[in-house]
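S.K.: Here it is, the structure in full.
Read the figures in this text as sums done on the coordinates, not as results from a lab. These numbers were taken from a predicted model, which means no experiment stands behind them. When we count neighbours, we look across all protein chains shown, and the Cβ atoms used for this are built from the backbone with ideal geometry, even at glycine.
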Amino acid sequence: MIADVKKPKTTDDSKLVNACKRGDTSAFEQLVNRYQNRMLNIAFRITGNYDDACDITQDAFLSAWRKIADFRGDALFSTWLTSIVINLSRNRLQQISSNNSKESFSLDSEITGTEGSIKHDAASNNPTALELMEEAELRSFIESCIRTLPVEFREVLVLRDMQELAYEEICGALGLKDGTVKSRLFRAREGVRDCVRSAMGMA
Amino acid sequence: MLTHEEIKKMLSAYCSGDLSSAERAWVDEHLSSCPSCRAELADLKTTLRIIRNTPAVESPTWLTSRIMANIIEQPVIRNGWLQRLFFPLHTKLPLEILALLIISVTGYYLTQDSGSDLNKAIPQLQQQPAPPQSAPSPVKEKTETVPAPAVDAPKAEFHTNIAEKKRAGSPTTTQKSAVSDKTTEPDATIATMHNRSESGAAKMKKAAPAREGRALESSAPASAGNGFAPAPTVDLPRIKISLIMGLDTLSAKTVRQAVYRSGGTVLPIAEARADRQLTARISVTQLEELFAQLEKQARIVERPAVAKSVKTVIVDILW
């Protein structure tokens, strides 16, 4: 994991934000440098498209700059920025899905499949097939499985397990309660696991 | 005791340490006896490990500069009152409008002031006495604070043939109306300057304020008690009509009738002047009719022009 998840001091953020409110673009540039990688990765993991993620990151910072006066500091700047990225990513996905609505059918079917238990029982203590898989191959499976998750599950998985944000920050960015975030997170993990298993079963 | 299905749903939380110690103990206990759950947990852990180790993508090198280029074009919207003033135009338009307004108003008053200065200057330069009649028109509010222009200090003996406009004591309850009165003065002065003596003019300049004050004092009670309609003359433009009558037969009654016939209202006036002057309030549209009526009796020496925007005027008719 790359070290872009390290959280900068929030006091620095609020100072920079205050400077931004006075129109200080160099302060904003510091925030851009600090957070653009995280935001790009969030957008990339949610949309699955690097170019879209770049556009979303640009738009998110532009939007943050325009609305910086509305940011009251109740949440962290990074949380606020993340919520902007999430919203822009959702909008982008909606555009894509309205452009070709066919892709969405497999998402739901995968997840509903996890509700009933898809059984690939390895009834022993032996390493499972998934464990024995080559890491690179497994990774590509997992990444494609993550993309098939419904977006509300994918968001939580990206923010928590990839970006390692605190639950509190995820709740703030998504506007969800703690319990909802956790239940989505746990189901998202199960969904990915079951997706990989079924993909391997089909292979 | 939790069931197998219940435990299975807790495995995801279990592998990321999101369970309470009691829950963890239940899961541990179940795992020891459930190979199926152990396999599920093992796959979950592998999956989670891979997810957590997902490599981050790097930002393109141009991203920062592109973001900043966009930002610099976009002024930040602030919450201050100054910013609200500009919202949502993002321009200084409201302030510019305000500035234009202030400049216009200031300019207007400056012009008015310089106009009155000019008016004062004219009689001095020409050494001309002011119009003879200083009798004030009725005023509801005393206007002693407004100095009478020098041209208002006439000598009675001068206005033999010429009907003179006089402005003294005109109902000027505000400085503003006083100013506008002054601007009309030079015409009257010039129109009547032929009978003026230089010495008279000099005297009049000194005498004017005092006369004005006296005239006002005397006229105020008169207007209150004579039963005339109140004179709503405060903000109305004032014009003057000068008449010459051939046989000296023009009487106040004749003029009053002319006013009535043309739809005007005669306003109260100091009695001392009533045989030489009449003040009336009349609609501009009826002004031509008034001229026509007056011309039956006399020749109009001075026929004032009235701005088209004006609806009603106060007319001082002098003869």
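S.K.: Once the Cβ-Cβ distance between B:GLU29 and A:ASP70 is put in as r, and R0 is 35 Å, what FRET efficiency do you end up with, to the nearest 0.05?
M.R.: On the way: r = 51 Å, r/R0 = 1.47.
Once rounded, the FRET efficiency stands at 0.10.
S.K.: Taking θ as phi - 60°, what are the ³J(HN,Hα) couplings along segment B:296-306 by the Karplus curve (6.51, -1.76, 1.60), each to the nearest whole Hz, with x for Gly and Pro?
M.R.: Going residue by residue, I get 5, 9, 7, 9, 8, 7, 10, 10, x, 8, 10 Hz, with x marking Gly and Pro.
S.K.: Using a simple spin-label model with points 7 Å from Cα along the Cα→Cβ vector, what separation in nm is obtained for A:GLU137 and B:HIS4?
M.R.: With each label placed 7 Å out from Cα toward Cβ, I get 3.0 nm.
S.K.: Would you mind checking which residues have amide H under 5 Å from B:THR312's amide H? H placed 1.01 Å from N; only 5 or more apart, or other chain.
M.R.: It is B:VAL284, by chain and number.
S.K.: Specify the inter-centroid distance of segment B:279-319 and segment B:1-63, based on alpha-carbon positions, in whole Å.
M.R.: 102
S.K.: While we're on this one: Hey, what do the phi angles of segment A:194-201 turn into as Karplus ³J(HN,Hα) couplings, whole Hz, using 6.51/-1.76/1.60 and θ = phi - 60°, x for Gly and Pro?
M.R.: Result, ordered by residue: 5, 5, 5, 4, 5, 5, 5, x Hz.
S.K.: List, in the order given, every pair from A:LYS182/B:LYS45; B:LYS9/B:LYS45; A:LYS21/A:LYS177; B:LYS240/B:LYS296; A:LYS21/A:LYS182 whose Cα-Cα distance in the structure shown is over 23 Å.
M.R.: A:LYS21/A:LYS177; A:LYS21/A:LYS182
S.K.: Now for a different question. List every residue whose amide H lies under 5 Å from the amide H of B:VAL266, counting only residues 5 or more places away in sequence or on a different chain, with H placed 1.01 Å from N in the peptide plane.
M.R.: B:ARG281
S.K.: May I ask you to evaluate 6.51 cos²θ - 1.76 cosθ + 1.60, the Karplus curve with θ = phi - 60°, for each residue of segment A:156-161 and list the ³J(HN,Hα) values in order in whole Hz, giving x for glycine and proline?
M.R.: Karplus values, whole Hz, x for Gly and Pro: 5, 4, 5, 5, 8, 8.
S.K.: Take every residue in peptide B:4-16, count the Cβ atoms of other chains within 10 Å of its Cβ, and give the average of those counts.
M.R.: Counting other chains' Cβ atoms within 10 Å and averaging over B:4-16 gives 3.
S.K.: Separate question: Using a 7 Å offset from the Cα along the Cα-to-Cβ direction at both B:TRP62 and B:ALA99, what is the distance between the two label points in nm, to one decimal?
M.R.: Spacing of the two 7 Å Cα→Cβ label points: 3.9 nm.
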